[in-house]
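Right, one structure below, let's go through it.
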Amino acid sequence: MKKSFANLVKMATDTVVEGVFAINKPVGLSSAQVIRDCQTYFNPSALFAPLLAQEKALREHESKYQKQRRSRAKRQLQVKIGHGGTLDPLASGVLILGVGKGTKSLQQFLMCTKTYETVVLFGASTDTYDRVGRIIKKGKYDEVTREAVEKVLGQFRGKFKQMPPLYSALKMEGKPLYEYAREGKAIPREIETRDVEVTEMELVDWYEPGTHDHRWPTDEAEQTEKNLVDSIWRVAKKQEAGGGGAGTTPAEGEQQSSSSKPKPEQEDEETKALADWQSKKREAEERVDGLVREDQPSASKRRKMEQREMKAAERNGGEPKAEPMMSGALGDLPPQLPVGKGSNLIPPPPAPNTPPPWEGKGPPAARIRMTVTSGFYVRSLCHDLGEKLGCGAMMAELCRSRQGQFVLGSDNCLEYADITKGEEVWGPKVKSMLDLWNTVGTSKPNVVETAEDTKAELAVADGVAKDSPMPNATVVATEGEPRQGAAETTAEVEA
């Protein structure tokens, strides 16, 4: 006799494994690509077979209308995974993942504190505030010492308003700030700042000139772009000092007034430079943002594909024909993870014999550890530190060592390499992490508002975050938040 729907769901539920755990994201991968890589191995596994069986049982009793509403991407049966706060492709460290019903708990991790370690490279600033941008200006760094940096760091402890990365990130009324600068128009409102708090900050390592392998980028911006960026930075400085803001022209009191019109040859030069910059910027955005999803067919082709899939689904008993799955759970392992579109999103490091982009020993660098509240831009801290020192600076490396109760190197954070070693390696670890979450971790993590709360949260993490060493990556990293202004305020789910 055919089992009832309730019995099918109950049988699947008895052994379903779901919840929240963390993974150590490598440098160069997007957060979405990490999810896809996990699904590659989780989908055919024995551990998550009950979860998929439960989902299949639920889908079999959906109405035809419900099935039609399901998008093409979500018709294939696979393990539902999401993340609780994206990590930039140029950053490494703790990426919180929710599996199954665990995805409903991800939103709460967006407001908890995070601990980062970053390497700041002095002597130059870039348009993106990190080492993969283009050089905007260079400064003298001969007098930059550990003592001078320690003194300035004191200005970034506690609560303050932080200016997000300007030139590459911000728009006003749908228009990039550089366009206001180019046209000499008044910025319509103040550049928005964020209320942030740095509860702990420590300079953990100091690298004298010639003792490190960090490098400035080799690409340098055109002079027109440098002028535009500098104009926006001046507006930001005036706003911070209380002397500017809405209605302030970017180049007011400088090179040319807002009322003066550029000469035709200047307009041609700027148009050419901006077109070149925009082309390169689009390419970068496509690599970082656009490449984490598959190319979309045309609307008419998509409709035909969906109609064919629905007919095939009806012939197959209500489910679309599934793509052949990899057999990588307990038996044959693929030689390596397939290279997805969210992979290899950063340029390779320079060859060891590549001459440095400076004379002599070059600039110093510093490794800084900080615990910060939600919405904090680490690359902005690096840039602002260089501005206050008068030499310029950029982010050269970043690792998120803790987010809430999830700590790099601890029992609740999986090493990324483990998922390629087969289910006999990652299966027990992931099951243990999800079981731990379901027994002690389902309560809402500490939402930190004060320094006292931060200390309490760090105590829960048992101090591991502070002792966890940052990987010595030769390929340097940027920041926890996605570049190009995408804020870390939504939990992404792929099902």
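The values are calculated or read from the model by the stated rules, or taken from the named source; none is laboratory data. The structure displayed is predicted, hence computed values, not measured ones. Cβ coordinates were reconstructed from backbone atoms using ideal geometry, including for glycine residues, and neighbour counts include every protein chain displayed. Ligands, DNA and RNA are excluded from the accessible area calculation, which covers all protein heavy atoms including side chains. Shrake-Rupley method; radii C 1.70, N 1.55, O 1.52, S 1.80 Å.
Among (1) at pLDDT below 95; (2) open to solvent by less than 10 Å² (accessible area, probe 1.4 Å), where does Thr86 come up short?
So Thr86 meets the others, but not (2).
Which condition from (1) closer than 26 Å to Leu90 by Cβ; (2) surrounded by fewer than 18 Cβ atoms within 10 Å (Cβ to Cβ) is the one that Gly174 breaks?
(1)
Taking Val94 as meeting all but one of (1) of a type outside the set (Ser, Thr, Tyr); (2) open to solvent by 10 Å² or more (accessible area, probe 1.4 Å); (3) closer than 30 Å to Thr15 by Cα; (4) at pLDDT 95 or above, write down the number of the exception.
Condition not satisfied by Val94: (2).
Leu166 versus (1) under 21 Å from Glu220 (Cα atoms); (2) more than 16 Å from the chain's Cα centre (by Cα); (3) surrounded by 24 or more Cβ atoms within 10 Å (Cβ to Cβ): which is the lone unmet condition?
The one condition Leu166 does not meet is (3).
Which members of segment 35-65 meet the condition of being within 14 Å of Thr420 (Cα to Cα) and of a type in the set (S, T, N, Q)? Walk me through it before giving the result.
Residues of segment 35-65 within 14 Å of Thr420 (Cα to Cα): 35-45.
Residues satisfying the conditions are Gln39, Thr40, Asn43, Ser45.
Output the number of residues of segment 41-55 satisfying the condition of being touching a residue at least 40 places away in the same chain (Cβ under 8 Å), open to solvent by less than 30 Å² (accessible area, probe 1.4 Å) and in a helix (DSSP H, G or I).
Of the residues in that region, 4 qualify.
A quick yes/no check of all residues on (1) over 22 Å from Phe42 (Cα atoms); (2) at pLDDT 85 or above; (3) over 20 Å from the mean Cα position of the chain (by Cα):
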site: Lys56; (1), (2), (3): no, yes, yes
site: Arg59; (1), (2), (3): no, no, yes
site: Glu62; (1), (2), (3): yes, no, yes
site: Gln66; (1), (2), (3): yes, no, yes
site: Ala73; (1), (2), (3): no, no, yes
site: Val79; (1), (2), (3): no, yes, yes
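Among all residue pairs at least 6 apart or on different chains, which show Cβ distances below 9 Å where the first residue, located in segment 60-82, is under 23 Å from Ser105 (Cα atoms) and the second is modelled with pLDDT of 80 or more and hydroxyl-bearing (Ser, Thr, Tyr)?
Within 9 Å, the pairs are Val79/Ser45; Lys80/Thr103; Ile81/Thr103; Gly82/Thr103.
Can you name the residue in segment 419-431 that is touching a strand residue (DSSP E or B) at 6+ places or on another chain (Cβ under 9 Å) and not basic (Lys, Arg) and, of all such residues, is nearest to Leu398 (Cα to Cα)? Can you show your working first?
Step one: filter segment 419-431 for residues touching a strand residue (DSSP E or B) at 6+ places or on another chain (Cβ under 9 Å), giving 419, 426, 429-430.
Filter again for not basic (Lys, Arg), leaving 419, 426, 430.
Details: Ile419: 23, Trp426: 26, Val430: 25 Å.
The qualifying residue nearest to Leu398 (Cα to Cα) is Ile419.
Suppose the filter is of a type in the set (Gly, Ala, Ser), within 29 Å of Thr371 (Cβ to Cβ), at pLDDT 90 or above and within 20 Å of the chain's Cα centre (by Cα); does Gly102 pass it? Walk me through it before giving the result.
On the way: of a type in the set (Gly, Ala, Ser): yes; within 29 Å of Thr371 (Cβ to Cβ): yes; at pLDDT 90 or above: yes; within 20 Å of the chain's Cα centre (by Cα): no.
No; evaluated as a whole, the condition is false for this residue.
For segment 1-33, how many residues meet the condition of being in a helix (DSSP H, G or I), in contact with a helix residue (DSSP H, G or I) (Cβ under 9 Å, 6 or more places away or on another chain) and modelled with pLDDT under 90?
Residues flagged as in a helix (DSSP H, G or I), in contact with a helix residue (DSSP H, G or I) (Cβ under 9 Å, 6 or more places away or on another chain) and modelled with pLDDT under 90 within segment 1-33 amount to 7.
Does Val120 fit the bill of being under 17 Å from His214 (Cα atoms) and buried (at least 24 other Cβ atoms within 10 Å of the Cβ)? Before the answer, list the steps.
Numbers: under 17 Å from His214 (Cα atoms): yes; buried (at least 24 other Cβ atoms within 10 Å of the Cβ): yes.
In short, yes.
So which strands (runs of 3 or more DSSP E) stay within segment 331-417 end to end and still have 3 or more residues that are surrounded by fewer than 24 Cβ atoms within 10 Å (Cβ to Cβ) and modelled with pLDDT of 90 or more?
Values: elements: 365-372, 393-403, 413-415.
The strands (runs of 3 or more DSSP E) meeting that bar are 365-372.
Would you mind telling me which numbered condition in (1) outside any strand (DSSP E or B); (2) in contact with an Asp or Glu (Cβ under 9 Å, 6 or more places away or on another chain); (3) at pLDDT 95 or above Thr224 fails?
(3)
Give the residue, chosen from Leu77, Leu58, that is aliphatic (A, V, I, L, M), in a loop (DSSP other than H, G, I, E, B) and surrounded by fewer than 24 Cβ atoms within 10 Å (Cβ to Cβ). Give the steps one after another, and end with the answer.
Values: Leu58 fails: in a loop (DSSP other than H, G, I, E, B).
One residue alone meets the criteria, Leu77.
Residue by residue through segment 146-157, note down the ones that are without any contact (Cβ under 8 Å) to a residue 60 or more places away in the chain and either more than 24 Å from the chain's Cα centre (by Cα) or more than 30 Å from Thr373 (Cβ to Cβ) (or both).
Pass one, segment 146-157, residues without any contact (Cβ under 8 Å) to a residue 60 or more places away in the chain: 147, 150-151, 154, 157.
If the condition is that a residue be without any contact (Cβ under 8 Å) to a residue 60 or more places away in the chain and either more than 24 Å from the chain's Cα centre (by Cα) or more than 30 Å from Thr373 (Cβ to Cβ) (or both), then Glu147, Glu150, Lys151, Gly154 are the ones that fit.
Kindly indicate whether Thr211 is of a type outside the set (A, V, I, L, M) and without any contact (Cβ under 8 Å) to a residue 24 or more places away in the chain.
Details: of a type outside the set (A, V, I, L, M): yes; without any contact (Cβ under 8 Å) to a residue 24 or more places away in the chain: yes.
Criteria met by Thr211.
Within segment 131-146, is even one residue farther than 15 Å from Leu385 by Cα, in contact with a helix residue (DSSP H, G or I) (Cβ under 9 Å, 6 or more places away or on another chain) and assigned to a strand (DSSP E or B)?
Looking through segment 131-146, at least one residue is farther than 15 Å from Leu385 by Cα, in contact with a helix residue (DSSP H, G or I) (Cβ under 9 Å, 6 or more places away or on another chain) and assigned to a strand (DSSP E or B).
Give all pairs with beta carbons closer than 6 Å in which a residue from segment 215-235 that is within 26 Å of Ile187 (Cα to Cα) and crowded, with 21+ Cβ neighbours inside 10 Å meets a residue that is β-branched (Val, Ile, Thr) and at pLDDT below 75; count only pairs at least 6 apart in sequence or on separate chains.
That search, which allows pairs on different chains as well, returns Val235/Thr248.
When Thr118 is evaluated against the numbered criteria (1) out of contact with any Leu (no Cβ under 8 Å at 6 or more places or on another chain); (2) closer than 30 Å to Cys391 by Cβ, which criterion, by number, is the only one it fails?
Condition not satisfied by Thr118: (1).
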